[in-house]
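Visitor: Here it is: the structure, laid out below.
What follows draws every value from the coordinates through simple rules; no lab data is involved. Remember, predicted model here, so these are calculated numbers, not experimental data. Cβ sites come from the backbone with ideal geometry, for glycine too, and all protein chains shown count toward neighbours.
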Amino acid sequence: MKIKTLKKLLGFATVALLGGLVLTGCGKSNADNSLKNIQNKKELVVGTSADYPPFEFQIVKNGHKQIVGYDLMVAQAVAKDMGVKLKVVNTEFPSLISELQDKKVDIVMAGMVSTPQRKKAVDFSKSYYTVKNVLLVKKADADKYNTAASLKGKSIGAQQSTTQETIAKKQLSAANLVTEANFTSLTSELKNGTLTGVVTETEIADNLVSTYPDKYAVAKVPLTTPKEDAQINIAMQKNSPALKKQINKTITKLQKNGQLDKMFKKAQQLQLEYK
Ligand code: ARG
């Protein structure tokens with residue numbers, strides 16, 4: 001009996017040892033080239049969805065269309081610190097994660113928060129902005145919607161596959177939810193009266209209100225932003241520790257030297273300038 005147990009134990013130990021060797025082997029063949037690959041091609045490709053000022057939006061400067069915004073300023077700094085050029089790929093927000101998984105882009109910067117669900121699919125850098133959510137309404141309705149119940153039966157918009165979609169579903173469940181792949185469609189529908197309100201982040205709403213003070217207002221209905229929906233980060237393919245380390249280094253630097261704040265303010269001004 002005793003010998004049998006001993007044999008069994010030895011058997012387990014052998015299996016564990018072999019398993020360990022196999023795992024170590026795998027680790028070696030999958031060396032982390034996440035940063036090296038980008039440096040070798042001398043280009044960092046960032047995926048974004050340029051419908052989200054001040055994070056990213058299109059302007060026409062000297063007759064040329066250009067994508068600008070806070071995310072792009074941070075992206076420029078990240079690319080510069082890596083010693084590579086920046087290339088911007090513009091796609092609709094709902095397809096950004098799969099573009100990243102399919103390696104069509106190296107990173108995603110799109111005012112994207114690191115939800116637990118997204119964390120299963122991709123990795124995230126440290127945070128470079130914190131957001132909250134509000135309901136954007138027409139100026140004329142500024143004092144009309146003060147509770148979730150007051151929105152019963154009203155059409156409320158949120159961008160598809162965003163945290164706003166989840167927040168609207170959970171917190172404004174009495175309203176009819178309308179989703180669009182493009183954020184710009186939501187503000188048009190709000191303007192033409194198809195929608196009563198749009199769930200969005202404070203920065204987006206505030207910027208729209210200050211750009212078009214006679215068109216929009218922030219409703220008083222309180223919305224809660226869950227902790228996991230508040231941190232904006234740079235997304236990258238899973239298992240890219242070298243890339244993540246390099247990106248975090250740049251973010252920390254920009255945080256410490258006050259550049260992040262400056263970039264955000266500059267992006268807000270750009271929106272006003274090119275509205
Ligand atoms: N922060 C929200 C999210 O991560 C919305 C981001 C929308 N971004 C955009 N570029 N349209 O789900």
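Visitor: Pull up all non-local amide H partners of residue 175: gap of 5 or more, or a different chain, and H-to-H distance under 5 Å with H placed in the peptide plane.
Guide: So residue 175 has HN proximity to 153.
Visitor: Here's a follow-up. Let me know the volume per residue of the alpha-carbon convex hull for the chain, in Å³.
Guide: Cα convex hull per residue, to the nearest whole number: 174 Å³.
Visitor: Moving on. With a cut-off of at most 11 other beta carbons within 10 Å, and DSSP calling the residue loop, which trypsin sites (Lys or Arg not before Pro) in the range 30-108 qualify? Please list them.
Guide: In loop regions of the range 30-108 (DSSP not H, G, I, E or B), the sparsely surrounded trypsin sites (Lys or Arg not before Pro) are 42, 103.
Visitor: Round to the nearest 0.05 the FRET efficiency obtained for residue 146 and residue 202 when R0 = 22 Å and r is the Cβ-Cβ distance.
Guide: My answer for the efficiency is 0.80.
Visitor: To the nearest 10 degrees, how steeply does helix 70-82 sit against the main Cα axis of the chain, on a 0 to 90 scale?
Guide: 30
Visitor: Averaging over every viewing direction, what projected area does the convex hull of the Cα atoms of the range 131-222 cover, in nm²?
Guide: With every direction weighted equally, the projected area is 5.0 nm².
Visitor: Let me ask something else about it. Using θ = phi - 60° and the Karplus curve 6.51 cos²θ - 1.76 cosθ + 1.60, what whole-Hz ³J(HN,Hα) does each residue of the range 253-267 get, with Gly and Pro shown as x?
Guide: Here the 3J(HN,Hα) series is 4, 5, 5, 5, 8, x, 5, 4, 4, 4, 4, 4, 5, 5, 5 Hz.
Visitor: Give me the base-10 log of I(q)/I(0) for the range 40-180 at each q in 0.10, 0.16, 0.21 Å⁻¹, Debye formula, one uniform scatterer per Cα, rounded to two decimals.
Guide: -0.43, -0.94, -1.33
Visitor: Could you list, in their original order, any pairs among 154/215; 132/265; 41/249; 65/245; 36/132 whose Cα atoms are separated by more than 25 Å?
Guide: With Cα atoms farther than 25 Å apart: 65/245; 36/132.
Visitor: Do the sum for the chain: with -39,500 (n - 2.57) for every DSSP H run of n ≥ 4, divided by all residues, what is the mean residue ellipticity at 222 nm, to the nearest 500 deg cm²/dmol?
Guide: -13500 deg cm²/dmol
Visitor: Something else: Below 8 Å between Cα atoms, with a sequence gap of 6+, how large is the relative contact order for the chain in percent?
Guide: Once normalised by length, the contact order is 26 percent.
Visitor: A further question on this structure: Using only the Cα atoms of the range 170-275, what do you get for the radius of gyration and for Dmax, in Å?
Guide: My reading of the Cα-based Rg and Dmax gives 17.5, 49 Å.
Visitor: So what are the ³J(HN,Hα) numbers for the range 53-67, from phi and the Karplus equation (6.51, -1.76, 1.60; θ = phi - 60°), rounded to whole Hz, Gly and Pro as x?
Guide: Here the 3J(HN,Hα) series is x, x, 6, 7, 7, 9, 10, 10, 10, 6, x, 10, 6, 8, 9 Hz.
Visitor: Could you calculate, for the range 45-114, the ratio of the Cα radius of gyration to the Kirkwood radius, expressed as Rg to Rh?
Guide: When Rh is taken as the Kirkwood radius, the ratio is 0.96.
Visitor: Same structure again: For the range 207-221, just list the computed ³J(HN,Hα) in residue order, Karplus coefficients 6.51, -1.76 and 1.60, θ = phi - 60°, integers in Hz, with x standing in for Gly and Pro.
Guide: Ordered by residue, 3J(HN,Hα) equals 5, 5, 5, 6, 6, 10, x, 8, 9, 10, 8, 9, 6, 8, 4 Hz.
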